[in-house]
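The values are calculated or read from the model by the stated rules, or taken from the named source; none is laboratory data. In this text, all values refer to a predicted model and were calculated from it rather than measured experimentally. Cβ: placed from backbone, ideal geometry, glycine included. Neighbour counts: every protein chain shown. Surface areas here come from the heavy atoms of the whole protein model, side chains and all, with no ligands, DNA or RNA. Shrake-Rupley method; radii C 1.70, N 1.55, O 1.52, S 1.80 Å.
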Amino acid sequence: MQGVIICSQSGFHTVETADGQLFTCQLRGRLKKGPRRGDVTAVGDNVRVTTIEAGIGVIEEVLPRKREFFRQAPTPKGEYQQIIIANLDQAVLVFACTKPTPRFGMLDRFLVICEKQEIPVSIVVNKIDLTGISEAKKLFDNYSQIGYGVFYTSALTTEGVNELKEHLINKISLFIGPSGVGKSSLLNEIQPGLGLSVRQVSRATSKGRHATVVREMFPIDGGGYVADTPGLKALALWDMEPEEVDGYFLEFRPLVEHCQFSNCTHIHEPGCAVLAAVKSGEMNQNRYASYVRMRSSLEEDN
Ligand code: GDP
Ligand code: ZN
């Protein structure tokens, strides 16, 4: 039988099969043997299972992942690839247009992390009842222009929530965002009870040693799963060279080839096409500031 791991705890994995049956499974011993450079299983993994009795099975094989969201965790034996969630279809970055004031630097950092790992992203701007949609659009319109999908929602009035829900159907989605922006409220509007479940798991997980790893994802009506990101702080710019950062700012891509120097940092060089775009007002000032900040912090680390 084949299924997907929807929950993992202390070596026990809950596997859901295509027809909706749940099995509690441990890993076949041989899968745990040998030197490992990363997690053998993660929530989101497709697995082949044999059953022992009703509701109990053994994971015989972990099927190849189409995508991984991971972090490199340094260990005494070398780098270890910790899988945050396997087979993720998209990251949903949730911010509020006010209360709390959006932190665009944080949004840009999440976008860079997702670009590096080739994870499709969309942005949710919640609490539009507080500012009105046109004010909210003024704040985030630049991201639509760059090419990101932006949803404007209010968990309070439910405006925009159906569009967001449709976007989640038949996908594995990871919700990412600072606290207080309305993630749980939105999930509850998408499906009653969902926000509460997600929050309980996230609270429990964010304290532990495996703070960055998703321990459970929740099915949504109509198909698909959602998970929350426990331990936001651990979503750092790991394993990135300063020179790659410009490639993860999508609106830089058509410009950099016109820079005079091929190793241009886009910070001080003459003939820099990015700096020219900043000067002419074509490039968003906040985005450019985020770029400079990320690049400098990576250079300090090296
Ligand atoms: P989370 O920490 O991201 O899960 O945020 P919560 O869902 O707990 O929401 C934080 C606070 O914002 C709560 O007091 C919610 O009632 C409120 N809130 C959430 N969504 C909205 C919204 O769309 N509009 C308004 N006005 N308040 C909201
Ligand atoms: Zn340049």
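Here are some notes:
- Selected residue (criterion: nearest to Gly223 (Cα to Cα)) from residues of the range 170-182 that are open to solvent by 30 Å² or more (accessible area, probe 1.4 Å) and in contact with a strand residue (DSSP E or B) (Cβ under 8 Å, 6 or more places away or on another chain): Lys171
- Within the range 250-302, the set of residues being open to solvent by 50 Å² or more (accessible area, probe 1.4 Å) and on the phi > 0 side of the Ramachandran plot comprises just one member, Gly281.
- Residue match in the range 115-133 (condition: in contact (Cβ under 8 Å) with a residue 60 or more places away in the chain and out of contact with any Ser or Thr (no Cβ under 8 Å at 6 or more places or on another chain)): yes
- Subset of the range 189-202 [open to solvent by less than 60 Å² (accessible area, probe 1.4 Å) and either assigned to a helix (DSSP H, G or I) or at pLDDT 95 or above (or both)]: Ile190, Leu194, Gly195, Ser197, Val198, Val201, Ser202
- For the range 125-139, the set of residues classified as under 18 Å from Gly105 (Cβ atoms) and in contact with a Leu (Cβ under 9 Å, 6 or more places away or on another chain) consists of Val125 only.
- Residue match in the range 217-226 (condition: assigned by TED's automatic domain parsing to the domain that holds Leu111, more than 12 Å from ligand 1 (Cβ to nearest atom), in a loop (DSSP other than H, G, I, E, B) and buried (at least 22 other Cβ atoms within 10 Å of the Cβ)): yes
A quick yes/no check of all residues on (1) open to solvent by less than 40 Å² (accessible area, probe 1.4 Å); (2) hydrophobic (A, V, I, L, M, F, W, C); (3) on the phi > 0 side of the Ramachandran plot:
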| site | (1), (2), (3) |
| --- | --- |
| Gly55 | yes, no, yes |
| Pro64 | no, no, no |
| Phe70 | no, yes, no |
| Thr75 | no, no, no |
| Gln81 | no, no, no |
| Asp89 | yes, no, no |
| Val94 | yes, yes, no |
